[in-house]
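Working notes for the structure below.
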Amino acid sequence: MFDRMRAITRKQVQRIHDASMNLLETTGIRFNHPEALEIFKQHGIKVDGNVAFLKEDDVLKALETAPQQFVIHARRPANDIVVGNGHLALAPGYGAPYIMSLDGSRRKGLTADYINFCKLVQTSDHLDVNGYCMIEPADVPSESAHLDMLFSNIVYCNKPFMGSPGDRQSAIDAIEMASIAWGGKENIRNKPVMISNINSLSPLQFSGEMAASLIEFARYGQPCVIAVLIIAGLTGPVTMAGALTIQNAEILAGITLAQLVNPGNPVVYGSTSLPMDMLSGVISIGAPELSQFVSATAQLARFYRIPSRSGGSLTDAHFPDIQAGMESALILAAAVRSGINFVLHSCGILGSYLAMSYEKFIIDEELCGMFKKLLEPIEVTGDTISLDTIKDVGIGGLYVTHDKTLQRCRTEYFLPKIAIRQTYDDWVDNGMLRADQRATKLMQQRLESYVKPDIDPAIERGLADYVKLRKRD
């Protein structure tokens, strides 16, 4: 498909690869976890202190075993998704501590908010994956919050979900709870039932917690997004090419570790790299350069023949206003058109990752639906050309009452629920509601009509008992 947006050429991809290989072999990557370092040593990779030095052959050998696509299985098999190649999976926002209200105030997120977002994902026509940490619940202890979020992910939604990667114990808990839902650990070993976000600690290192989580998930064959957030000008070079080089080195080091633990383990090449605003010194997730990072990330992932991940409906705005719409549409368009396979932060994010908004979630969700429609090829057949209909209506006729129009009028085109296509008078008669106000009404209707998906009562009790036991511990 022709697309004017190509951030880098094939030759430039190769230059970034070569520079990354040089970095990995001469500077190395720090892994702040002894088991990760021991794994590298066992496979003949040079380790000095807590720094691993990977040669190009080590990386290419690891990439040979990484799958180009994989399936994440849901509790309801009809909701299984494919990640990789030409497939697109959309997931909601991640990691925000605050809820933004329509009056411009913000408050800390609660467990009830987290459950609400699980319900909204479950009832969504456009989101494919339930998230993790869609809001950080402040009303439960931070050391056990992941247990409540995992329980909600499994019980309130039957779509694939994201696991808890905070540290080794969090990863173990995710595996244990998934094994309860699927009837035993052997039923999930090398059968993906969740996907987890493993973040590097830029520049050029992985924390002990993330390395340990990666190892645990890989041992059970659970997919990991190896994600890097380079802040160009702060945690990486100010130039985009330099930032992409460090990003690439960190991602490839994480992928190599996953393949050494479990050859064939599903991995995703992930990035949310972005520029630092040089006037304010803060990150800018609404900047057009982030869309260029997204495009380059997709190209690098295709170069290595593995799935890709980026951010989606991102904005620096603190309210679901025109700035939020502009920036979110720009970045989501870049992700979809560039061929990103797994789009995190597709719905709800405001304020540079710091807040989730119910209204923006609903608005972004419709934007996701529009882009999915955009990807559908135009059906060109004898039936859709419908030459007989054209001749039947003839010159100067109307198609609105024709049988063919009546047959397809509700299915041929995307039908928005938030965007309006009313006359001015109709808009006035319906209360002159803004998009965010219409989103509030739709969100309330969705939550009120939510029906909890079926789950074996024994499984739900088992999950609840596990959470209680772990909280006591």
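Would you please classify the overall shape of segment 88-179 from the alpha carbon gyration tensor, given that a ≥ b ≥ c denote the square roots of the eigenvalues, rounded means a/c under 1.5, and beyond that prolate means a/b larger than b/c while oblate covers the rest? All intermediate terms of the calculation are to be shown ahead of the outcome.
Values: a/c = 1.99, a/b = 1.16, b/c = 1.71.
Oblate, because a/c is 1.5 or more while a/b does not exceed b/c.
If the chain between L398 and T123 were fully stretched, how many nm would it gain, using 0.36 nm times the residue separation less the Cα-Cα distance? Please list the in-between numbers first.
On the way: separation 275, 0.36 × 275 = 99.00 nm, distance 3.79 nm.
Full-extension gain reported as 95.2 nm.
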Debye log10 I(q)/I(0) at q = 0.13, 0.18, 0.28, 0.29 Å⁻¹ for segment 307-373, Cα point scatterers: -0.29, -0.55, -1.24, -1.31
Angle in degrees between helix 10-26 and the longest Cα principal axis of the chain, rounded to the nearest 10: 30 degrees
Cross-link pairs beyond the 25 Å C-alpha cut-off, checked among K11/K191; K11/K61; K46/K185; K108/K185; K119/K372: K11/K191; K46/K185; K108/K185
Simple label model, 7 Å out from Cα along Cβ direction - L447 to W427, nm: 2.8 nm
Test item: Cα-centred dipole of the chain, Lys/Arg +1 and Asp/Glu -1 on Cβ, debye: 500 debye
Förster radius 60 Å - calculated FRET efficiency between L406 and T239 (Cβ-Cβ, nearest 0.05): 0.55
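Report the full-extension gain for the segment Y413 to M326: residue separation times 0.36 nm, less the Cα-Cα distance, to one decimal in nm. Walk me through the intermediate numbers first.
Details: separation 87, 0.36 × 87 = 31.32 nm, distance 2.32 nm.
Gain on extension, Y413 to M326, equals 29.0 nm.
Which GluC sites (Glu not before Pro) does segment 99-196 hold that lie in a coil by DSSP with at most 16 other beta carbons within 10 Å?
Details: sites: E143, E176, E186; in loops: E143.
For GluC sites (Glu not before Pro) across segment 99-196 that sit outside H, G, I, E and B with at most 16 neighbouring Cβ atoms in 10 Å, the list reads E143.
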Computed E for E379/K471 - FRET, C-beta separation, R0 56 angstrom, nearest 0.05: 0.60
Tilt relative to the chain, helix 208-219 - C-alpha long axis, 0 to 90 degrees, to 10: 80 degrees
Projected label distance in nm at M278 and R219, using a 7 Å step from Cα toward the beta-carbon: 4.7 nm
Under 15 Å, Cβ to Cβ, from A227 - net charge with Lys/Arg +1 and Asp/Glu -1: -1
Cα gyration tensor, segment 89-245 - rounded (a/c under 1.5), prolate or oblate: oblate
Calculated FRET efficiency for the pair K41/K61, C-beta based, R₀ 22 Å, to 0.05: 0.85
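Run the helix sum for the chain: -39,500 (n - 2.57) per DSSP H stretch of 4+ residues, divided by residue count, reported at 222 nm to the nearest 500 deg cm²/dmol.
Result for the chain: -14000 deg cm²/dmol, rounded to the nearest 500.
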Low-density loop positions, trypsin sites (Lys or Arg not before Pro), segment 375-436 - DSSP coil, at most 10 other Cβ in 10 Å: R410, R421
Beta bridges per DSSP with both ends in the chain, % antiparallel, nearest 5: 35 percent
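What does the charge add up to near G369, with Lys and Arg as +1, Asp and Glu as -1, over the other residues with Cβ less than 13 Å from its Cβ?
Surrounding charge for G369 is -3.
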Full-stretch length increase - S142, R15 - with 0.36 nm per residue and alpha-carbon distance subtracted: 41.4 nm
For the chain: rounded, prolate or oblate by the Cα gyration tensor [a/c cutoff 1.5]: prolate
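Read-outs throughout are calculated quantities, based only on the coordinates presented, and are distinct from any laboratory measurement. Since the model is a prediction, treat every value here as computed from it, not as a measurement. Note: ideal-geometry Cβ built from the backbone for every residue, glycine included; neighbour counts use all protein chains shown.
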